[in-house]
Amino acid sequence: MKTAQAGTLESMDCLVTLTEAAPGSGIKINITGASAARFNSAMTKKINETLAELSVKDMEVAVQDNGALDIVLGARVEAAYGRLMK
Amino acid sequence: MTINAVKREIPDYIEGYGKVRHYEGAFARKPEGAIAGAKLRCFNSDITDKRVSSVKEAIKASGLKSGMTVSFHHHLRNGDYVVNMVLDACAEMGIKDLTLFPTALFGVHKKVIDHIKSGVVTRIMGSVNGPIGQLVSEGGMEVPVVLRSHGGRPRAVMAGDVHIDVAFIGAPTADKYGNICGTLGKSACGSLGYAFTDADYADKVVVITDNLVDFPAAPVSIPQTKADIVVEVPSIGDPAGIVSGTTKVTRDPLRLLISRYASQLIEASPYFKDGISFQTGAGGIPLAVTAFMKEAMIRKGIKGGFGLGGITGYFVELLREGLVSKLMDVQSFDLDAVKSIGENPNHIEISADWYANPWNCGAAVNMLDVVILGATEVDTDFNANVNTEADGALLHGTGGHQDTAAGAKLTIIAQPLLRGRIPCVTDSVYNVTTPGEVIDAIVTEYGVTINPRRKDLLDAVSGVKDLPIVPIDELAARARKMSGPTDPVKTTDRIIGVVEWRDGTVIDVVRQLKK
């Protein structure tokens, strides 16, 4: 399986790892780190929205969070996807 | 259930704590009756040496039995060997079901977890940090932890809420008859302020030292009249963990901006005049505020009165330069502070009772003009939480937060609006440690937010150049917009922590986290 990463573990950033998934397997999200306890819903929503805009239907998403705001999280997902598609 | 004065729904009875006396307001509860005390003792001239050969012998001589309450002081901080040494010995001697009553616990005490699991320790009254806090938050103890402030603790002892059976006092220097000194020896820690109450009110006092000197040890912090037993051990602590190196002023531009705003607020307040007294603690922002204030004091030719609380080298410098005339020290954080309290008569050792107890004839905090504090979060009622983290885990003690906020004329919470993604200003804090009634201002990178109760302060800061004023609702809305919606903390109904206000009423409770 192909994987790609974007981001860092600096404060207010996150490290996003995308792994290709088999067609029909859907989007699987795993969030760990600073905001996982209180922002799981918001982060899941942002990741789903970002992947939908990129027309991605099947993907494994792992986020190691260190306090990233949504705008950062979205950008990291997009960048990781760009790298995966290269 | 009762809704208390900070709008928290609290049960009238808490399993493992007892009947709840509800919080009614910062200054509502008045004491009744007499001070509770220790047992009388008698030592005649047939005993001129109180030494025993080992910690176990000391425990045996103290009469410590299962079910009793043992106390410790935290001046050896993260270098402390005493708590572990005593609990290990208790475990080996088969003593169980102890109530641990420390002035604070640190990471170095994570071994306490083993003693909780094996039943040696079944109750903690005091702060729980790091792994112990996590264990407690997840339901690892049968009875709730009771959190008290630095002033609430001596109050509880003097009021008879807590009775100390045996106090173990780590002594950097002592003699065979139990005179204790904190400023000398390889484990010197400076002030022994938090240990005074324990020495005064425990039925038995065990002095544990690694620097036994000829009688009488001097200078004396706690005199021989309080000590029952003396034991010499190879080491009471790791000097690297006892005193920190010189604490540095923050270099983070965001925190410097916050510090500058806080300093501007102080400068514009009616308290910025000759004789100003303040407490700023050891954090990065408070130290930077002190640095900015120092500049302003020199610029305006103002001399301060006293500096209070945990003392750092930075405060020692202010004393040396004549910018404050006295330091009142309950805990000496670094080497400079330890050295200064040993040498300079204007650097005064004070007890926790003297520092912060609401139930005596006046604590030092009452004389305080300005205090700079932090908090994990504050809300639109200006209530502050310092005990729990964003995920609901009980990880921090109350320290002097409640006491200084209640005492100082100007109480400032200075912190960034967000920590990572976590908002530090919310609509309602998860746990109330200190009520908004005693908090006057919040300072963030967006400016100064004044409690509407303090119209005088709002007038004083309005029109100050380059000092933005942000109403609290606007600040909370901004934090919410940046962080996005939060998921609620998932808890069970079981109460694992009881947060007392400094007068012994229950201001809030903390519930067990759902795994």
Go through the range B:266-288 and give me each residue that's among the aliphatic types (A, V, I, L, M) and at pLDDT 95 or above.
B:ILE266, B:ALA268, B:ILE276
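In the range B:351-421, which strands (runs of 3 or more DSSP E) lie fully inside it and hold 1 or more residues that are at pLDDT 95 or above and within 14 Å of chain A (Cβ to nearest Cβ)? Let's see the steps before the verdict.
Values: elements: B:370-373, B:377-379, B:410-414.
The strands (runs of 3 or more DSSP E) meeting that bar are B:377-379.
Can you tell me which residue is modelled with the lowest pLDDT among those in the range B:75-107 that are polar (S, T, N, Q) and assigned to a helix (DSSP H, G or I)? Break it down stepwise before answering.
First pass over the range B:75-107, keeping only residues polar (S, T, N, Q): B:78, B:84, B:99, B:103.
The next check asks that each one be assigned to a helix (DSSP H, G or I); those that pass are B:78, B:84.
Working: B:ASN78: 93, B:ASN84: 97.
Residue satisfying both the conditions and the ranking: B:ASN78.
One line per residue, one yes/no per condition, for (1) of a type in the set (Ser, Thr, Tyr); (2) surrounded by 24 or more Cβ atoms within 10 Å (Cβ to Cβ); (3) touching a strand residue (DSSP E or B) at 6+ places or on another chain (Cβ under 7 Å):
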{"position": "B:HIS75", "(1), (2), (3)": "no, yes, yes"}
{"position": "B:ASN84", "(1), (2), (3)": "no, no, no"}
{"position": "B:GLU92", "(1), (2), (3)": "no, no, no"}
{"position": "B:ASP97", "(1), (2), (3)": "no, no, yes"}
Residues of the range B:50-68 satisfying the condition of being surrounded by 16 or more Cβ atoms within 10 Å (Cβ to Cβ) and under 24 Å from B:GLY182 (Cα atoms):
B:LYS50, B:ARG51, B:VAL52, B:VAL55, B:LYS56, B:ALA58, B:ILE59, B:SER62
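Only residues that are assigned to a strand (DSSP E or B) and surrounded by 24 or more Cβ atoms within 10 Å (Cβ to Cβ): list them for the range B:424-440, please. Walk me through how you get there before you give the answer.
To start, the set of residues in the range B:424-440 that are assigned to a strand (DSSP E or B) comprises B:425-426, B:434.
Across the range B:424-440, the qualifying residues are B:VAL425, B:THR434.
For B:GLY151, indicate whether it is out of contact with any Leu (no Cβ under 8 Å at 6 or more places or on another chain) and at positive phi.
So B:GLY151 fails the test.
Only one residue in A:GLY33, A:GLY67, A:GLY24 is over 25 Å from B:PRO423 (Cα atoms) and not hydrophobic (A, V, I, L, M, F, W, C). Which one?
Working: A:GLY33 fails: over 25 Å from B:PRO423 (Cα atoms); A:GLY67 fails: over 25 Å from B:PRO423 (Cα atoms).
When all the criteria are applied, what remains is A:GLY24.
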Do you know which residues across the range B:213-231 are in contact (Cβ under 8 Å) with a residue 60 or more places away in the chain and more than 28 Å from the chain's Cα centre (by Cα)?
none
Among the residues of the range A:42-58, are any within 12 Å of chain B (Cβ to nearest Cβ), surrounded by 14 or more Cβ atoms within 10 Å (Cβ to Cβ) and in contact with a strand residue (DSSP E or B) (Cβ under 8 Å, 6 or more places away or on another chain)?
yes
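Answer yes if at least one residue in the range B:111-129 is among the acidic types (Asp, Glu) and either touching a strand residue (DSSP E or B) at 6+ places or on another chain (Cβ under 9 Å) or crowded, with 19+ Cβ neighbours inside 10 Å (or both), and no otherwise.
Here is the first cut: in the range B:111-129, the ones among the acidic types (Asp, Glu) are B:114.
Filter once more, so that each one left must be either touching a strand residue (DSSP E or B) at 6+ places or on another chain (Cβ under 9 Å) or crowded, with 19+ Cβ neighbours inside 10 Å (or both): none.
Scanning the range B:111-129 turns up no residue that is among the acidic types (Asp, Glu) and either touching a strand residue (DSSP E or B) at 6+ places or on another chain (Cβ under 9 Å) or crowded, with 19+ Cβ neighbours inside 10 Å (or both).
Among B:VAL289, B:VAL316, B:VAL324, B:VAL330, which is buried (at least 18 other Cβ atoms within 10 Å of the Cβ), part of a loop (DSSP other than H, G, I, E, B) and touching a helix residue (DSSP H, G or I) at 6+ places or on another chain (Cβ under 6 Å)? Break it down into steps so the answer makes sense when it comes.
Numbers: B:VAL289 fails: part of a loop (DSSP other than H, G, I, E, B); B:VAL316 fails: part of a loop (DSSP other than H, G, I, E, B); B:VAL330 fails: part of a loop (DSSP other than H, G, I, E, B).
Only one candidate passes the filter, namely B:VAL324.
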Could you tell me whether any residue of the range B:147-157 is surrounded by fewer than 24 Cβ atoms within 10 Å (Cβ to Cβ) and in contact with a Pro (Cβ under 9 Å, 6 or more places away or on another chain)?
no
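The values are calculated or read from the model by the stated rules, or taken from the named source; none is laboratory data. None of the values given here were measured: they were computed from a predicted structure. Note: ideal-geometry Cβ built from the backbone for every residue, glycine included; neighbour counts use all protein chains shown.
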